[in-house]
Amino acid sequence: MPTVPPPWKRPALLPGDRFDAVVVGAGFAGLYMLHRLRRSGFNARLLEAGGGVGGTWYWNRYPGARCDIESMQYSYQFSEELQQEWVWTERYAAQPEILSYIEHVAERFDLKRDIQFDTRVEAASFDEATNEWVVKTDAGQSIRARFFIMGVGCLSSAITPQFKGYEDFAGPIYHTGHWPYEKVDFSGKRVGIIGTGASAVQSIPLIAEEASHLYVFQRTANYVVPAQNRKLPPDEVAALKADYKGFRARAKQRPAAFLFPFHTDSALAVSDAERRARFEQQWLVGGLPFLGAFGDLLTNVEANKTVTAFWHDKIREVVKDAKTADLLTPKGDVFGCKRLCGGTNYYEAYNRANVALIDVSKSGIERFTPTGIRAEGHDYALDAIVCATGFDAMTGSITRIAITGLGGVTIQQKWRDGPSTYLGLTVSGFPNMFNMSGPGGPSVLATMVTCAEQHGDWIAGCMSWMREHGKTRIDPRPDVEQAWGEEVAAAASKSLRATCNSWYVGSNVAGKARVFMPYIGGYPRYVEFCDAAAEGGYQGFTVG
Ligand code: NAP
């Protein structure tokens, strides 16, 4: 886990402290929320488990960590000065650059004076007598606030599977989502990495360059498209900044609030040669925009299948060993059902003499031993193990807080059969509580920073309206919450994304209810729903 020496004076919580709002999490969402609340004249305190700002970008320091949304879109737009002055150097920013940016924002808007770091929120309960939340921290502090706002992230509750013999392994074990602050030196070491999701895809080529030997333990092959990352030329940046506002406005009209070349025609309406040419063209665009090759890749199974053969050929063009190429080829999975991975030299890494792909799809990882990993009947001698095993996505960081709403009902009880929300932002029976980027919102399917600003504005707008009307409690009605759940499910039913095992549906966590959690109806439609809910005077809510 990263630890950072505290370079600033932290505001301490005092017993009996009362705030208009307690915000949890100093990532993109929480920081914007704090700024927005201040602008609206509310006093707020932000509590953060880490030793610094950044959220995802504070914890995920693994080699190669990089965003899969373009830097000039994966950044705040609330301040024209900020977006004009900050200069992104690469098409896809690496973790250190994103963290520097977030640090810059925190300094520029003087946010740290209201943030208490190294403080994990353990419990929050709604006091029905005063209409306040009582928030408890791991330091034994207890504070009160009218509103409880979570910006805890969708991919921040890391999972390390319960591998047999875990404690026996003599060397260090890392998780990509909790990477140490200090550089980890793998030179001359035999390293094993478990997983081939986005985090592994980014770190494998870099660990391979350093380690004496890298064993990649793969259960399921993933679709990896070259990110085609590059330096951003100053003239390209200047051209975009000349109309940054217009560019952002156009992005917000797109389903993912993200501009990229997108074709709307069907993959089945063109000849084989034309289709191949289009795939080649989008391959060169790289990254997530590959999904824009045709309009129906994620909605029509037959259209989706046309990608598979292309992918097989691409892997075989790069990976020299036929058996490894075959193992790296996804089998039977719907393309893009799991989140598409953007890689740099990923397939190429398997041509290195010091990299071995170990197929654990049949009987899995048997156990950790004092000297390594036993899998599929073989022992692999290792000096270090990296778990790139993912997250309890979307709900994990919320349900690990003991949240209690009306009548003593906990969030774990409420969400036993899957998360239910109104607009992703509110939960019936948990008055005055807001979730940013949580389940039921566009969340991971839209540009997170854009969503964070939209959520922050909506929440601050709601709080301001309550202040103006002398109200102290707002709670979404069960019927509107149910109707929203139906809208979320109806949108999911139109997409192939909901049809496979993935963290989108919670299948990577044992015992978790299987529900497609994000709202896939598109950012513009989502914003219309949110605006309508507010403009009608919050009629879908019980207000008191
Ligand atoms: P992930 O996609 O959930 O991948 C976890 C990997 O661990 C999978 O390959 C999984 O195999 C494997 N695994 C889990 N338990 C295992 C076990 N017991 N034995 C063997 N293998 C096991 O997690 P992630 O790579 O951290 O990525 C999560 C999400 O974070 C991404 O989808 C993306 O949205 C985000 N992310 C984004 C970026 C970026 O912006 N470029 C980078 C990193 C992460 P199975 O598939 O068989 O379950």
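The values are calculated or read from the model by the stated rules, or taken from the named source; none is laboratory data. Every value quoted in this text rests on a predicted model; they were computed, and no experiment measured them. With ideal geometry, Cβ positions are generated from the backbone for all residues, glycine too; neighbour counts draw on all protein chains shown. Accessible surface is based on the protein model in full, side chains and every heavy atom, while ligands, DNA and RNA are left aside. Shrake-Rupley method; radii C 1.70, N 1.55, O 1.52, S 1.80 Å.
Summary table
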item	result
Yes/no for Ala170 being modelled with pLDDT of 95 or more, assigned by TED's automatic domain parsing to the domain that holds Ile365 and open to solvent by 10 Å² or more (accessible area, probe 1.4 Å)	yes
Enumeration of residues in the range 179-211 that are open to solvent by 50 Å² or more (accessible area, probe 1.4 Å) and under 21 Å from Asn508 (Cα atoms)	Ala198
Residues of the range 243-259 that turn out to be surrounded by 14 or more Cβ atoms within 10 Å (Cβ to Cβ) and under 23 Å from the mean Cα position of the chain (by Cα), as a count	9
Residue in the range 224-242 that is open to solvent by less than 30 Å² (accessible area, probe 1.4 Å), within 13 Å of the ligand (Cβ to nearest atom), touching a strand residue (DSSP E or B) at 6+ places or on another chain (Cβ under 7 Å) and among the polar types (S, T, N, Q) present	no
Any hit, the range 305-323, residues being open to solvent by 10 Å² or more (accessible area, probe 1.4 Å), within 16 Å of the ligand (Cβ to nearest atom) and under 24 Å from Thr499 (Cβ atoms)	no
Elements of type helices (runs of 4 or more DSSP H) in the range 305-409, at least 3 residues being in contact with a Lys or Arg (Cβ under 6 Å, 6 or more places away or on another chain)	none
Condition check for Asp417: open to solvent by 10 Å² or more (accessible area, probe 1.4 Å), modelled with pLDDT of 95 or more and over 26 Å from Asn508 (Cβ atoms)	no
The range 69-96, residues that are crowded, with 17+ Cβ neighbours inside 10 Å, in a helix (DSSP H, G or I) and free of Cβ contacts under 8 Å to residues at least 60 places away in the same chain	Gln95
Total residues in the range 113-131, condition open to solvent by less than 20 Å² (accessible area, probe 1.4 Å) and not in a loop (DSSP other than H, G, I, E, B)	5
Evaluation of Arg108 against (1) surrounded by fewer than 16 Cβ atoms within 10 Å (Cβ to Cβ); (2) free of Cβ contacts under 8 Å to residues at least 24 places away in the same chain (one fails), failing number	(2)
